[in-house]
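Okay, so here's the structure we're looking at.
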Amino acid sequence: MDKKIRLGIIGIGNMGSGHAKRVVNGECPDFDLVAVADVNPARLDWAKKDLGADVACFSDAIAMLDSGLIEACLVATPHYDHPRYAIECMERGIHVMVEKPAGVFTKQVREMNAVADKHPEVVFGLMFNQRTNCVYRKMRELVQSGKYGRIRRTNWIITDWYRTQAYYDSGAWRATWSGEGGGVLLNQCPHQLDLWQWICGMPVKVQSHLHYGMWHDIEVEDDVTTYVEYANGATGVFVTTTGDAHGTNRFEIQMDRAKLLVEHDKLYLEEYSVSEPEWTATCKEGFASMPSTFTQVETDGLNPQHTGVINAWGGAILRGEPLVADGREGINGLTLSNAMHLSSFTDAAVTLPIDEELYYRELSKRIATSRRKEAGASVVADLSNTFSGTK
């Protein structure tokens, strides 16, 4: 019989319960779910009922980590606790997969990454499931091939994150500085921020306009418009919100010899007959349109999402196979998020690397005055059909 990895999960709310069901249902054959931990007694009652009597339930995560029952752990807690529990796992030699985002502030995540470097025996992954999507994998391959020259402009409008007030009222920690550490940038957009830098690289300058509680009764951002500059002179714009009832998800990259576009789960390529610098230097007509061909790009069609990330993690633990995303890479998208917040906090452009101490001080001011909501019964939603596409 093939060896199975004894898995524990910290946090069995929206995301953790979905991961638990994937393992129990046999979608992740390298893993055997043996334990879960949650501070909410109602969630432990759910686990006992829905995950089987063989799964041990703990009200304290550290007790689970010290139980000797598990050799790998998936961390699916609220954001502030991601680095804390990842470090606890690493220091015990327990392999760890962390839900997005890597944390709330880069100073905290940098400490987590330093501990990871001290424990090379631990396989450390991050739940960037959108990296498994065939359209983004192919987009990255084309951009990095060098065939189409330099990036000139990037634009991503990702406004189909619509949330009602009921969503924000479903947990006392949601959409508060003290409980979540941010809004749409920390909750919904870590995937897009990761993909943006994974495909295009990191910018060097960020200027952002954030609106806090613009569309909902919350204290954190629910509307964002950001402008960035890259080292090669390229520019980019990132727009997101949870307030558009019927939003858009359109990612466009303009290059010297092509334009790439992802929309409606499809990747399109407009390939130019020559590079734009050559065309503008040699064309004798002031309004001439460069000849091009527009096609839908064929991909491998694979998009395994969370299951793919977990199965790659299992392969890395047992067989040395590659992860979808090494956990240390989580700091990149979070750097973009922190830079956007810091630009808004200071009403100024921010250069990368950011001033981590300044960001932490500004965040701490907001935590100190955070109006944490009254703790009521938490609501756990069924998310099984919400992550299959590019959203």
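The values are calculated or read from the model by the stated rules, or taken from the named source; none is laboratory data. Just so we're clear, the structure is a prediction, and the values are computed from it rather than from any experiment. Because the Cβ atoms are built from the backbone with ideal geometry, glycine has one as well, and the counts that use them run over all protein chains shown. Ligands, DNA and RNA are excluded from the accessible area calculation, which covers all protein heavy atoms including side chains. Shrake-Rupley method; radii C 1.70, N 1.55, O 1.52, S 1.80 Å.
Remarks
- Subset of the range 326-349 [crowded, with 18+ Cβ neighbours inside 10 Å and of a type in the set (A, V, I, L, M)]: ILE331, LEU334, LEU336, ALA339, MET340, LEU342
- Flag for GLU121 being over 24 Å from ARG174 (Cβ atoms), in contact with a Gly (Cβ under 8 Å, 6 or more places away or on another chain), of a type in the set (Asp, Glu) and surrounded by fewer than 20 Cβ atoms within 10 Å (Cβ to Cβ): yes
- Restricting LEU363, LEU352, LEU323, LEU318 to those that are modelled with pLDDT of 95 or more and either of a type in the set (Ser, Thr, Tyr) or open to solvent by less than 30 Å² (accessible area, probe 1.4 Å) (or both) reduces the list to LEU363.
- Looking only at residues of the range 255-267 that are more than 20 Å from the chain's Cα centre (by Cα) and open to solvent by 50 Å² or more (accessible area, probe 1.4 Å), we find that the one that is farthest from TYR148 (Cα to Cα) is LYS266.
- Output for the range 214-235, where each listed residue is of a type in the set (Asp, Glu) and part of a strand (DSSP E or B): GLU221, ASP222, ASP223, GLU229
- Filtering the range 1-50 to residues that are in a strand (DSSP E or B) and open to solvent by 80 Å² or more (accessible area, probe 1.4 Å) leaves only ARG6.
- Looking at the range 160-201, the helices (runs of 4 or more DSSP H) lying wholly inside it that each contain 2 or more residues that are open to solvent by 10 Å² or more (accessible area, probe 1.4 Å) and at pLDDT 95 or above sit at 165-168, 190-200.
- Filter result (of a type in the set (A, V, I, L, M, F, W, C) and either out of contact with any helix residue (DSSP H, G or I) (no Cβ under 7 Å at 6 or more places or on another chain) or open to solvent by less than 10 Å² (accessible area, probe 1.4 Å) (or both)) within the range 95-118: VAL96, MET97, VAL98, ALA102, VAL104, VAL109, MET112, ALA114, ALA116
- All positions within the range 269-291 that are open to solvent by 50 Å² or more (accessible area, probe 1.4 Å) and of a type in the set (Ser, Thr, Tyr): SER273, THR280, THR282, SER289
- Close pairs (8 angstrom Cβ cut-off, 6 or more residues apart or separate chains): among the hydroxyl-bearing types (Ser, Thr, Tyr) in the range 114-141, open to solvent by less than 20 Å² (accessible area, probe 1.4 Å) and in a helix (DSSP H, G or I) anywhere: THR132/GLN305; THR132/GLY308; THR132/VAL309; TYR136/GLN130; TYR136/LEU195; TYR136/ILE199
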